[in-house]
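Each remark here refers to the structure printed beneath this line.
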Amino acid sequence: MARYVFHLPLSLDSKAVSAAKRKATALGATVVRTAAGQMLVETTPSKAARVAEALPDWRYALERVAARLPEKSPLSRAKYAAAR
């Protein structure tokens with residue numbers, strides 16, 4: 001199972017999101033979360049393709065979770081190196 005983000009471009013309509021949620025659950029996908037114009041779906045890749053066919057205006061992509069750690073400033077790096 002993987003998570004996919006479905007996105008309806010240029011729309012903030014909550015009725016469109018709720019209709020898409022009903023279609024996705026009817027096709028066997030699990031809707032994890034919804035937001036304005038977006039929907040996070042947990043399903044297999046084949047079911048994600050079927051959901052995408054049922055929702056022609058929606059775009060989807062595999063969820064990418066990435067956190068970027070800020071780089072330490074030169075002064076804090078020097079203090080860290082001196083403390084070692």
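Miscellaneous remarks
- For 39, 1, the sequence from fewest to most other C-beta atoms within 10 Å is 1, 39.
- Per-residue 3J(HN,Hα) values for the stretch 13-20, derived from phi via the Karplus relation 6.51 cos²θ - 1.76 cosθ + 1.60 with θ = phi - 60°, read 6, 6, 5, 5, 5, 5, 5, 5 Hz in sequence order (x marks Gly and Pro).
- Extended-chain gain in nm, criterion 0.36 nm per residue less alpha-carbon gap, residue 78 and residue 15: 17.2 nm
- Under a model in which nothing but the beta-carbon of Lys, Arg (+1) and Asp, Glu (-1) is charged, the stretch 2-62 shows a dipole of about 140 debye around its Cα centre.
No lab work stands behind these numbers, since they all come straight from the coordinates. The structure presented is a predicted model; accordingly, all values stated were derived computationally and were not measured. Backbone-built Cβ (ideal geometry, glycine too); neighbour counts: all protein chains shown.
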